[in-house]
Amino acid sequence: MHDVANELLHVADLHAFYDESHVLHGIDFNVGEGELVTLLGRNGSGRTSVLKSIIGLISKRSGSVVVNGCEAISLPPHKIAPLGIGYCPEE
């Protein structure tokens, strides 16, 4: 059952582009309070692109990214971080 009240992240129909390359095709998932969600896949499968799209590091994107109840798809990264989500790459 989908509990919107305890939902921290809701991603729906997320599409992302690097220039003219369509790299994400309609990603959907939710993360609720107390949940741990892991993205798995081999190199080139889009894990990093999903994360970068959520936090706005890929600017050409569409769909819906709701962070703590706030629609963030049109926000720049510096406006998304205060909503409670960040990205810490390995490098």
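At-a-glance table
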{"item": "Overall form of region 18-76 per C-alpha gyration tensor (a/c, 1.5; a/b vs b/c)", "result": "oblate"}
{"item": "For the chain, built as a Gaussian network whose Cα springs stay under 10 Å, the top-fluctuating residue of S21, S64, S45", "result": "S21"}
{"item": "Given charges at beta-carbon only (K, R positive; D, E negative), |dipole| of the chain in Debye", "result": "260 debye"}
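Bear in mind these aren't lab numbers, they're just calculated from the coordinates by the rules spelled out. Just so it is clear, the structure is predicted and the values come from calculations on it, not from any experiment. Note that we place each Cβ from the backbone using ideal geometry, even for glycine, and neighbour counts take in every protein chain shown.
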